[in-house]
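Beneath this line is the structure, given in structure tokens, with notes to follow.
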Amino acid sequence: MSVVIVIPARFASTRYPGKPLVELRGADGQARSLIRRSWDAAMSVPGIDRVIVATDDDRIRDHAAAFGAEVAMTSPDCRNGTERCAETVAALSTTPEIVVNLQGDAPLTPAWFVTDLVAGLRAAPCAQVATPVLRCTGRMRADLIADRHAGRVGGTTAVFGHDGRAMYFSKEVVPFVPGQIADDAPSPVFHHVGVYAYRPEALDEYSGWPEGLLERLEGLEQLRFLERGRHVLCVEVEARGRQFWELNNPEDVPRLEAMMAEMRMN
């Protein structure tokens, strides 16, 4: 019943080249790279059997190996993190029960997000993939909308049914909500957290499918599963007072550093 975390990391990001090696300063003023902080987050998750950084870049490989990470070199032809996870898992001598894709741009991911995600997939045998969603406060929703108005992708939102089955994911802020919502009030908008838990057979299927139209338009890899009619489970997680944001743009660096300072994260 093993669980393996794979952290896909590529240097040639369209929006932010070299992003995995960008340094973030914690509350103590110490700078650590984005990939190091993502690896630290993965290592803090209890019950995980293995953590692997998957990359196609020698600079990322050398940097990750220097701080003690296990590294798998993958093909530069991988189009996204899910394909990189699939290639990494295919090369393992033993197939794990569940594969977790902890994307290398989400260093603020709390350990319980992953724990709850794995538990959710285990409890839903009909689901092939699970991913966490976090209910936005009015302030979080406003931040997402402000980023879109500024031409930036600040995050992804998720829409799902009463049973948690995903209906759609978008870089737009959906669903539309008329009027304003107080900063601390809950909203009906859910921020999609960039973590996935897959059953290995779902990864095998994914790699054999061509890129879907919606996936290409939105730039969201999980839409390939939806376009193929696969069951993607949205697992609602709780912030428990923690702030969460992904590093998508250079402008996000001071935002993440301010969050770490406020949460006293070193």
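Look through the stretch 1-32, keep the residues that are assigned to a strand (DSSP E or B) and over 15 Å from ASN266 (Cα atoms), and return whichever of them is farthest from the chain's Cα centre (by Cα).
Let us first name the residues in the stretch 1-32 that are assigned to a strand (DSSP E or B), namely 3-9, 23-25, 31-32.
Cutting the leftovers down to over 15 Å from ASN266 (Cα atoms) gives us 3-9.
On the way: VAL3: 17, VAL4: 15, ILE5: 12, VAL6: 11, ILE7: 9, PRO8: 10, ALA9: 11 Å.
Among those residues, the one meeting the criterion is VAL3.
For the stretch 227-241, name all the residues that are in a loop (DSSP other than H, G, I, E, B), open to solvent by less than 70 Å² (accessible area, probe 1.4 Å) and in contact with a Phe, Trp or Tyr (Cβ under 9 Å, 6 or more places away or on another chain).
Residues satisfying the conditions are ARG230, HIS231.
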Quiz item: Which of the following residues is of a type in the set (A, V, I, L, M), in a strand (DSSP E or B) and surrounded by 13 or more Cβ atoms within 10 Å (Cβ to Cβ): VAL45, VAL51?
Solution: VAL51
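Here's the yes/no breakdown for (1) open to solvent by 20 Å² or more (accessible area, probe 1.4 Å); (2) within 20 Å of GLN103 (Cβ to Cβ):
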residue	(1), (2)
ALA142	yes, no
ARG148	yes, no
GLY179	yes, no
ALA182	yes, no
TYR198	no, yes
GLU211	yes, yes
LEU214	yes, yes
PHE225	no, yes
Quiz item: Restricting attention to the stretch 68-91, does a residue exist that is open to solvent by 70 Å² or more (accessible area, probe 1.4 Å), aliphatic (A, V, I, L, M) and in contact (Cβ under 8 Å) with a residue 40 or more places away in the chain?
Solution: yes
Quiz item: Do you know which of the residues in the stretch 150-177 that are closer than 19 Å to GLN103 by Cβ and not hydroxyl-bearing (Ser, Thr, Tyr) is farthest from the chain's Cα centre (by Cα)?
Solution: ARG152
Quiz prompt | Those residues of the stretch 33-42 which are polar (S, T, N, Q) and part of a helix (DSSP H, G or I), in sequence order | solution = SER38
Quiz prompt | Criterion violated by SER38 - all others in (1) open to solvent by 10 Å² or more (accessible area, probe 1.4 Å); (2) under 16 Å from the mean Cα position of the chain (by Cα); (3) of a type outside the set (A, V, I, L, M, F, W, C) satisfied | solution = (1)
Self-check item: Residues satisfying the stated conditions in the stretch 83-108, i.e. closer than 28 Å to ALA239 by Cβ and either assigned to a strand (DSSP E or B) or out of contact with any Ser or Thr (no Cβ under 8 Å at 6 or more places or on another chain) (or both)
Solution: CYS85, ILE98, VAL99, VAL100, ASN101, LEU102, LEU108
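Residue by residue through the stretch 54-79, note down the ones that are in a loop (DSSP other than H, G, I, E, B) and of a type outside the set (Asp, Glu).
PHE67, GLY68, ALA69, THR74, SER75, PRO76, CYS78, ARG79 - these are the residues of the stretch 54-79 that are in a loop (DSSP other than H, G, I, E, B) and of a type outside the set (Asp, Glu).
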Quiz item: Could you count how many residues in the stretch 92-130 are open to solvent by less than 40 Å² (accessible area, probe 1.4 Å), at pLDDT 95 or above and among the acidic types (Asp, Glu)?
Solution: 0
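The values are calculated or read from the model by the stated rules, or taken from the named source; none is laboratory data. All of these numbers come straight from a predicted model, not from anything done at the bench. Positions of Cβ are generated from backbone atoms using ideal geometry, with glycine treated the same way; all protein chains shown enter the neighbour counts. Only protein heavy atoms, including side chains, enter the accessible area calculation; ligands, DNA and RNA are left aside. Shrake-Rupley method; radii C 1.70, N 1.55, O 1.52, S 1.80 Å.
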